[in-house]
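What follows is one structure encoded as structure tokens, with my remarks underneath.
The values are calculated or read from the model by the stated rules, or taken from the named source; none is laboratory data. Keep in mind the model is a prediction, meaning the values are calculated, not measured. We place every Cβ from the backbone using ideal geometry, glycine too, and count neighbours over all the protein chains shown. Areas reflect the complete protein model, heavy atoms only, side chains present, ligands, DNA and RNA absent. Shrake-Rupley method; radii C 1.70, N 1.55, O 1.52, S 1.80 Å.
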Amino acid sequence: MIIAIVNSKGGVAKTTSAVHIAYQLSKLGATGLIDADPNRSSRAWAGRADTAFPFKVLTELEMIGFQGKFQHIVTDTKARPEPEDLEAVFNAADLVILPSTPGGDDLRVTANTARALQKLGSTKHKVLLTKVPTHYKSSDEADARSWLKAQEIAVFTGRIRFYKAYDKAFLDGIPVFQVRGDAKAKVAWADYQAVFKEVLSCVAG
């Protein structure tokens, strides 16, 4: 399967999502993660020679040499995709994931991207709420879901909560569940496990 992680905003856990979804896909077959963002954040995280990630992180040009060698591909797309980029994603991907924090401007930009995909005829894109506040009194997630529903934009039931364990994982070049000394590391991983089940359901459906 081909999964594209797309958003025009930075800081919405696009790379975090690409890395952790690629990790889980690699359990199902040979997986490649294309780092198409000029910042090369996925490569910085999971592309180190001494890391234990069970998938390859490649640039678009490097992927040419691996044609036909992967069962699954995840693309960490560049920020601010052009219309032709969205069209290419629409034509190639089995599922387009739009990560977004529940913040106002992030949601606005994400909704605009979703509408652009809808204009292309896409029914295979879905918003993933990320960096969701963990405080029990926060209404950010519920408010974001309500607003997206009013916009008729599909949203994953699962969400990715905000934990510092992700920062530690990036600095150490490991998946979040391997972070030591942080009680929330496995909780953070459980969030992506739940979302991945939905990913498989979306592609199968």
Accessible surface, per residue, of the stretch 122-205 when the full set of protein chains is kept, probe 1.4 Å, Å²: 57
Centroid-to-centroid separation of the stretch 130-145 and the stretch 10-87 [C-alpha atoms, Å]: 28
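Just in the stretch 48-156: which trypsin sites (Lys or Arg not before Pro) are loop by DSSP and have at most 15 other Cβ atoms within 10 Å? Don't skip to the end; give the middle numbers.
Details: sites: Arg48, Lys56, Lys69, Lys78, Arg108, Arg115, Lys119, Lys124, Lys126, Lys131, Lys137, Arg145, Lys149; in loops: Arg48, Lys69, Lys78, Lys124, Lys131, Lys137.
Those that pass, being in a loop and sparsely packed, are Arg48, Lys69, Lys137.
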Listed residues Tyr23, Tyr136, Tyr192, most fluctuating in the chain (Gaussian network, C-alpha, under 10 Å): Tyr136
Anisotropy class of the stretch 52-205 from Cα gyration tensor, a/c 1.5 cut: oblate
Estimated FRET transfer efficiency when R0 is 30 angstrom, pair Gln118-Leu200 (beta carbons, to 0.05): 0.85
Heavy-atom SASA rank of Arg80, Arg180 (probe 1.4 Å, accessible area, largest first): Arg180, Arg80
Using θ = phi - 60° and Karplus 6.51 cos²θ - 1.76 cosθ + 1.60, couplings along the stretch 23-40 (whole Hz; Gly, Pro as x): 4, 6, 4, 5, 6, 9, x, 4, 10, x, 10, 8, 8, 9, 8, x, 6, 6
Ala88 paired with Tyr136, simple spin-label distance in nm, labels 7 Å along Cα-to-beta-carbon: 4.8
